[in-house]
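Notes follow once the structure below has been shown.
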């Protein structure tokens, strides 16, 4: 088991070793408004964009005539939702019905918008991933289905679980992740696979004693497409910051919860 945990830990993406934010997003709420501005921070550029996640804009605009390789005809309206930034600088952007694509940052206004947020001339309503999940999560733990009561602004990390709640292995996944129920810094979120209705996801999750929330079924396919690589082998886990920066990702194994807990402990110690 120890070797498996160490092996999973070695899969933590990227050599940068960026720290997890020392404070939850709620620390940036002033008089009920989320404040991301920090004019004393270094100017955002292409080299430090990945490390400047608190300034990532929610939307970006294409500023050059870019389209995906092999795309024929017009491509979108130029405006898209920024899902995450990869360590090599590529942006994952949702262009609505024109699809989700990895695009180079220099064909967009992402740097300009990020610096506007840094200086306070541009604004954010909250961290990008948190805003995407807010008001779209359900709690299957009770006798009736309800919205979650958790304050997501208190979470430092989100464990996204891409799994079919009606698959044979789901009960083992739920049991393995139950150890995280007492971790106040992480929100465990099931993104249901398999196209099941909310009522069916609720029953399967409740029967498996799922200790976390799950995403409404009408959002799960699009969110999964946007956040998962095509090569991901389900069931799959992603540990992400409230902005959506990927901290760790791996297919499900029994050792995965221990790795998540270790990442949390490291965050709390900072």
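Sort all Cα-Cα distances of region 88-133 into consecutive 10 angstrom bins from zero, then give the percent of pairs in each bin up to the one containing the longest distance.
22, 46, 31, 1
Give me 123, 101 sorted ascending by neighbouring Cβ count inside 10 Å, so fewest comes first.
Sorted ascending by nearby Cβ count, the order is 123, 101.
For the chain, modelled as a GNM with alpha-carbon contacts under 10 angstrom, which of 118, 97, 233 fluctuates the most?
Highest fluctuation of the listed residues: 97.
Working out 0.36 nm times the residue gap between residue 167 and residue 77, then minus their Cα-Cα distance, what length gain in nm do you get to one decimal?
Working it through step by step, the gained length comes to 28.5 nm.
Using alpha carbon coordinates only, what is the Rg to Rh ratio of the chain, with Rh defined as the Kirkwood radius?
0.96
Given N residues in region 186-239, what is Rg(Cα) / (2.2 N^0.38 Å)?
Normalised by 2.2 N^0.38 Å, the Cα Rg of region 186-239 equals 1.12.
From Cα pairs below 8 angstrom and at least 6 apart in sequence, can you work out the relative contact order of region 105-239, rounded to a whole percent?
Rounded, it is 29 percent for region 105-239.
Given a cut-off of 16 Å, what percent of all Cα-Cα pairs of region 44-140 lie beyond it?
Every Cα pair in region 44-140 considered, those over 16 Å come to 56 percent.
In the Gaussian network model of the chain, springs joining C-alpha atoms below 10 Å, which of 92, 28, 113 carries the largest mean-square fluctuation?
Sorting by GNM fluctuation, first place goes to 28.
If I model a spin label at residue 203 and residue 98 as a point 7 Å from the Cα along the Cα→Cβ vector, what separation in nanometres do I get?
Spacing of the two 7 Å Cα→Cβ label points: 4.2 nm.
At 7 Å along Cα-to-Cβ for each site, give me the label-to-label distance between residue 43 and residue 229 in nm.
Distance between the two pseudo-spin positions: 3.4 nm.
Between 0 and 90 degrees, rounded to the nearest ten: what's the tilt of helix 256-269 against the longest Cα principal axis of the chain?
The angle comes out near 60 degrees.
Restricting to Cα pairs below 8 Å that are 6+ residues apart, what does the relative contact order work out to for region 37-123? Please round to a whole percent.
The normalised contact order for region 37-123 reaches 38 percent.
Expressed as an acute angle from 0 to 90° and rounded to the nearest 10, what is the orientation of the C-alpha long axis of helix 110-119 relative to the principal long axis of the chain?
It works out to around 90 degrees.
Rank by packing, highest mean first: peptides 72-81, 147-156, with packing defined as the count of other Cβ atoms within 10 Å averaged across residues.
So the order, starting with the most tightly packed, is 147-156, 72-81.
Where a number appears in this text, it was derived from the coordinates with a stated rule and is not lab data. As the structure is a prediction and not an experimental result, all values here were calculated from the model. Please note: Cβ atoms are built from the backbone with ideal geometry, for glycine as well, and neighbour counts cover all protein chains shown.
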